[in-house]
């Protein structure tokens with residue numbers, strides 16, 4: 001939700017400053033980066049976009065959450081069998097996201113940030129398996145009561 005608001009504000013702004021984001025993208029291209037170093041730069045990239053959005057509340061929230069987010073994102077690396085392929089994918093996603101912001105394309109930026117975050121979380125096993133309302137019914141059990 002926070003990232004969605006950040007990229008929407010950035011892309012919609014008449015003036016956008018993505019210079020720091022571009023510097024971080026270049027830093028992430030270094031081939032010798034260990035996963036922990038890469039993911040630290042990744043977190044910096046996301047925070048730099050929040051700060052550049054001009055929304056001080058969201059930037060402060062992102063800064064406050066940074067260490068906890070970074071710790072579980074780092075923990076997920078062990079679940080990714082092909083780190084180099086994942087890093088290449090993340091680089092491409094970051095570049096596409098910053099490009100959409102630079103182009104002022106709010107809808108594309110929002111879609112890209114959602115896909116980027118959910119894709120990594122899924123690959124790293126960081127998502128919860130939340131049963132669908134019909135999952136129990138699909139397996140022959142009585143469905144769970146639904147809130148009204």
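The values are calculated or read from the model by the stated rules, or taken from the named source; none is laboratory data. This is a predicted model, so every value here is computed, not measured. As a convention, Cβ positions derive from the backbone with ideal geometry for all residues, glycine included, and neighbour counts pool all protein chains shown.
Computed values, structure above
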{"item": "Selection count, region 6-21, where residues are surrounded by fewer than 17 Cβ atoms within 10 Å (Cβ to Cβ) and in contact (Cβ under 8 Å) with a residue 24 or more places away in the chain", "result": "4"}
{"item": "Test for residue 50: is it touching a residue at least 12 places away in the same chain (Cβ under 8 Å), assigned to a helix (DSSP H, G or I) and either under 18 Å from residue 17 (Cα atoms) or out of contact with any helix residue (DSSP H, G or I) (no Cβ under 7 Å at 6 or more places or on another chain) (or both)", "result": "yes"}
{"item": "Residue check, residue 75 surrounded by 12 or more Cβ atoms within 10 Å (Cβ to Cβ), modelled with pLDDT of 90 or more and more than 13 Å from the chain's Cα centre (by Cα)", "result": "no"}
{"item": "Region 99-114, subset part of a helix (DSSP H, G or I), more than 15 Å from the chain's Cα centre (by Cα) and touching a residue at least 40 places away in the same chain (Cβ under 8 Å), residue surrounded by the most Cβ atoms within 10 Å (Cβ to Cβ)", "result": "106"}
